[in-house]
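Okay, structure first, notes after.
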Amino acid sequence: MISRSVSAARRVGRAIGGDARAQALCAVIGIWAAVVAIRLAGDFVVPWDSKNQFYAFFRFLADSLHAGTSPLWNPYHYGGHPAVADPQSLIFTPGYLFWAALDPAPTMHVMDLIEWAHLLAGALGVVMWGSRRGWPATASIAAAIVFALGGAASARLNHVGIIVVYATFPLALLAVEIALARRSHGWALAAGLIVASIVVGRNQVALLLVMLLGAWVVAEVVRSDSPLTYLRTRVGVLALMALVAGLLVAVPVLLTLEFARLSNRPEASLEAALLGSFYPGNLTSMFAANVFGVHGDIGDYWGPDGVRMPIVGSTDDSFNYLYFGAVPTLLVLWFGVGGRLCGRPGARLLSIALVVSLVFALGRFTPVFPFLYEHVPGIAFFRRPVDGLFVFGIALALLTGELMAVYARDGLPRVSFAWGGLAMVAVLSVLTETVSFSHVNGHGVDAAREIARGGAVALGVALLLWLGDRRNRRGMALAAVAGIAVCELVAWNAVSRLNGEGRAYYQVLEKADAEDGEAIAILARELARRHAEGARPRVEIVGLGGAWQNLAVIRKFEATNGYNPLRIGAYDRLVAPGEMTWDVDQREFPGSFYSYDCALARALGLEYVVIDRPIEKVPALRHLMRATALKSGPGIWIYRLAPAAPRVAFTAHVRVADTDAVGQFGDLDNPPTDGSVTVDDETPPAHLRPLDGGLRARRRSTGGTARIVSWQPGRIEIDVSADEAGLVVLHDTHYPGWIAEVDGRPSRILRADALFRAVEVPAGAHRVVFRFAPLAFDRLLLATRRLLGR
């Protein structure tokens, strides 16, 4: 028995030891585990948007699922927000949705682990893809780690939604390839599911990756022996992929397109998009990690940004960081360009993707992006050419593995004088631009030193490859080169200022310290008291730093602001809550919202302001109001304003707007004395449903009452008692997808006073229900017609 067990163990050991794919998979998992352990040991979390925005939405999703309420509408964010239509809400992201269903209060570390798990899955997908091409284990390991830790994947780890779709691409590519090769409907189904998980990311990287997948399929057809036969025998497989993906993404994409049309930025102007261009001198950071001082303190950075180079003002150190290490950079320039291996069949499409994505990312520095912006559907919805660097990273990682595999098989390529010269000219041009830019900013010597450091590693790699150019040495040479690639990326990118920050900085999102805890407790007690009185006041939080921006979402405070680049357009124009609420200087006060006690603020129900200074020191505030200080510093001030308007009210005094209601809200700065409401619906006034002689302004009214009897994020029930017909006005944001019922019968929602929701009710006692049902079939059909302009 013992001898049999020993023999079995030996067979398993030989199988694992002799299988390049198994070796590579195990090695990649081990490296990934080491990186995660380093981060956890140092108590690092992914910073910035990951915690200030995505974590709050993740907590809201988890809390909603466990409380049995709808996660589709977020009432704690910008006066009410269509989470179902927001790509950053994580509702349609399978990994986060699955965990949210298990854990009612996921921690920041858990959120990061899910993101890293996606990167691990993508890295393993690279290994599996490489094994289909016969790559040696060392090539697969290097390619996988370049993919997971290199370039934009490391620098922009805070953009959770983008990282998820980026990490999913290798799995999609693998599934598509296998489905086509085997003509397998099972694999086609899997490919459709994986591609759908990319598309529902609904960001520019997802769009670019789907285009790359499409190009890959076309290339597979074209390079087959008989393209027509190949296509005919696989049309069912392709159709199944498209059908599965299309059915799964249709609703999320439709809802997001609708939101985009009604948002604060229905599309990015070309000039605004070009501000997100990638400056060519940043290419030096491919092999010289600290060439612009990225790895020093935040004040040490001297590279392109809005201050030093306004024409790329939408980029910063994280957007411009492109470190992949000496190995990928050298292989592409020496083997790929100089040795012309980029033109080989196995590398050709990867090389094209590498060049096209780089040209795309360069934005204003080539004529290509402006052309694509004008002529390619979808590009105008987004604002950053620099997002092309994610596609660049995928192409470079796969090309690294392919070139290493060619070396293992054929040795060093013969360098073409012309192509080698072209590579040298390109390198010298980029280096000259980098040093020149750094010199102008007083760091020319620093840049040259970092270039020399990266160049020394590249020379060492070149020497290893040259010395190992013998069939019996290539394996050892590749192992050494792969080790250098992994060590460089782990050393520079596993934890950096760009992707790791101490968890204590965001502690208020989990367990607040003494002062933050005191402020939160005061606010929570005040809101509980007002809720007990039947009121639903709102809060504005401003000036308290990044972690506080969306704290209201976690703490369930209905807030007038938050942190999100996407906001309902009408609300954003009238309230102007801004995006950068961490800084009080960013808070603007337009004419429609000139003060915290103006008519619009009162209509919104704003009763509490949480701020980092005395309210009289808010720079843009044009009118000081009476406010009671509930907490007076030293770091946090809390003010209670005068009681605001009720969240729900009944009125029989109605005016019908004859212009766009958004332009009518100025009337509320000088509200009519009869308490009338301006109704503006997209239906012409003549089509308003008659009710007891029609809705009209009356000089006298016997009035009525309305009160909320049940409140949930996606459902509000109101009891109304009225002596005559009128309107029930709910001071919640008007947005498509909300439906109303009066005594169980559907009733049309009108837009009242530009922002709010109202329904007609006859005289008597009634139950009015508002519920958010964006997924109803008739609602989706109407949304489709609107988007098609019908």
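The values are calculated or read from the model by the stated rules, or taken from the named source; none is laboratory data. It should be emphasised that the depicted structure is a prediction, and the values quoted were computed from it without experimental measurement. Note that we place each Cβ from the backbone using ideal geometry, even for glycine, and neighbour counts take in every protein chain shown. To get the accessible areas, we keep the full protein, side chains included, count just its heavy atoms, and leave off ligands, DNA and RNA. Shrake-Rupley method; radii C 1.70, N 1.55, O 1.52, S 1.80 Å.
Quick one: is ARG779 more than 13 Å from ILE718 (Cα to Cα), part of a strand (DSSP E or B), among the basic types (Lys, Arg) and open to solvent by less than 70 Å² (accessible area, probe 1.4 Å)? Lay out the reasoning, then the answer.
Numbers: more than 13 Å from ILE718 (Cα to Cα): yes; part of a strand (DSSP E or B): no; among the basic types (Lys, Arg): yes; open to solvent by less than 70 Å² (accessible area, probe 1.4 Å): yes.
Considered against the rule, which asks whether it is more than 13 Å from ILE718 (Cα to Cα), part of a strand (DSSP E or B), among the basic types (Lys, Arg) and open to solvent by less than 70 Å² (accessible area, probe 1.4 Å), ARG779 comes out as no.
What's the total number of residues in region 19-50 that are among the basic types (Lys, Arg) and either over 15 Å from TRP116 (Cα atoms) or touching a Pro at 6+ places or on another chain (Cβ under 7 Å) (or both)? Explain how you work it out, then say what you get.
First, the residues of region 19-50 that are among the basic types (Lys, Arg): 21, 39.
The next check asks that each one be either over 15 Å from TRP116 (Cα atoms) or touching a Pro at 6+ places or on another chain (Cβ under 7 Å) (or both); those that pass are 21.
Qualifying residue count, region 19-50: 1.
Take the residues in region 476-504 that are in contact (Cβ under 8 Å) with a residue 60 or more places away in the chain and surrounded by fewer than 14 Cβ atoms within 10 Å (Cβ to Cβ), then tell me which one is nearest to the chain's Cα centre (by Cα).
Per the stated criteria, the residue is GLY502.
Tell me the residue from ALA268, ALA272 that is at pLDDT below 95 and either assigned to a helix (DSSP H, G or I) or open to solvent by 50 Å² or more (accessible area, probe 1.4 Å) (or both), please. Spell out the reasoning first.
Numbers: ALA268 fails: either assigned to a helix (DSSP H, G or I) or open to solvent by 50 Å² or more (accessible area, probe 1.4 Å) (or both).
Within the list ALA268, ALA272, the selection yields ALA272.
Hey, GLY95 hits all of (1) surrounded by fewer than 24 Cβ atoms within 10 Å (Cβ to Cβ); (2) touching a strand residue (DSSP E or B) at 6+ places or on another chain (Cβ under 6 Å) but one; which does it fall short on?
Every condition holds for GLY95 apart from (2).
Here is a yes/no grid of residues against (1) touching a Phe, Trp or Tyr at 6+ places or on another chain (Cβ under 7 Å); (2) open to solvent by less than 10 Å² (accessible area, probe 1.4 Å):
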site: ALA167; (1), (2): no, yes
site: GLU177; (1), (2): no, no
site: GLN204; (1), (2): yes, yes
site: LEU207; (1), (2): no, no
site: PRO252; (1), (2): yes, yes
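Can you find even one residue in region 538-560 that is part of a helix (DSSP H, G or I), open to solvent by 40 Å² or more (accessible area, probe 1.4 Å), farther than 19 Å from ALA642 by Cα and among the small types (Gly, Ala, Ser)? Break it down into steps so the answer makes sense when it comes.
Just the residues of region 538-560 that are part of a helix (DSSP H, G or I), to begin with: 546-548, 551-555.
Now narrow it down to the ones that are open to solvent by 40 Å² or more (accessible area, probe 1.4 Å): 555.
Still in the running and farther than 19 Å from ALA642 by Cα: 555.
Restricting the remaining residues to those that are among the small types (Gly, Ala, Ser) gives none.
No: zero hits.
Residues that are open to solvent by less than 10 Å² (accessible area, probe 1.4 Å), within 19 Å of LEU478 (Cα to Cα) and among the aromatic types (Phe, Trp, Tyr): does region 138-161 have at least one?
The answer is yes; a qualifying residue exists.
For region 298-321: of the residues being of a type in the set (Val, Ile, Thr) and either assigned to a helix (DSSP H, G or I) or within 15 Å of THR284 (Cβ to Cβ) (or both), which is modelled with the lowest pLDDT? Explain how you work it out, then say what you get.
Taking region 298-321 first, the residues of a type in the set (Val, Ile, Thr) are 298, 307, 311-312, 315.
Add one more test, that the residue is either assigned to a helix (DSSP H, G or I) or within 15 Å of THR284 (Cβ to Cβ) (or both), and what stays is 298, 311-312.
On the way: ILE298: 85, ILE311: 97, VAL312: 97.
Among them, the one singled out is ILE298.
Tell me the strands (runs of 3 or more DSSP E) entirely within region 575-662 that contain at least 2 residues that are small (Gly, Ala, Ser). If you could, list the steps in order and put the result at the bottom.
Numbers: elements: 606-611, 628-632, 637-640, 648-651, 654-656.
Per the criteria, 628-632.
For region 606-660, give me the residue count where each residue is more than 26 Å from ILE708 (Cβ to Cβ), touching a strand residue (DSSP E or B) at 6+ places or on another chain (Cβ under 8 Å) and modelled with pLDDT of 90 or more.
So the answer is 10.
Picking from LEU189, LEU174, LEU238, LEU180, which residue would you name as being under 16 Å from GLY122 (Cα atoms) and part of a helix (DSSP H, G or I)?
Numbers: LEU189 fails: under 16 Å from GLY122 (Cα atoms); LEU238 fails: under 16 Å from GLY122 (Cα atoms); LEU180 fails: under 16 Å from GLY122 (Cα atoms).
Being under 16 Å from GLY122 (Cα atoms) and part of a helix (DSSP H, G or I) holds for just one of LEU189, LEU174, LEU238, LEU180, which is LEU174.
If I ask for residues that are surrounded by 15 or more Cβ atoms within 10 Å (Cβ to Cβ) and not β-branched (Val, Ile, Thr), which ones from region 584-594 would you list?
Of the residues in region 584-594, the ones surrounded by 15 or more Cβ atoms within 10 Å (Cβ to Cβ) are 584, 586-587, 589, 592-594.
GLN586, ARG587, PHE589, SER592, PHE593, TYR594 - these are the residues of region 584-594 that are surrounded by 15 or more Cβ atoms within 10 Å (Cβ to Cβ) and not β-branched (Val, Ile, Thr).
Inspect region 108-124 for any residue being more than 27 Å from ASP86 (Cα to Cα), open to solvent by less than 10 Å² (accessible area, probe 1.4 Å) and in a helix (DSSP H, G or I) and give the result as yes or no.
yes
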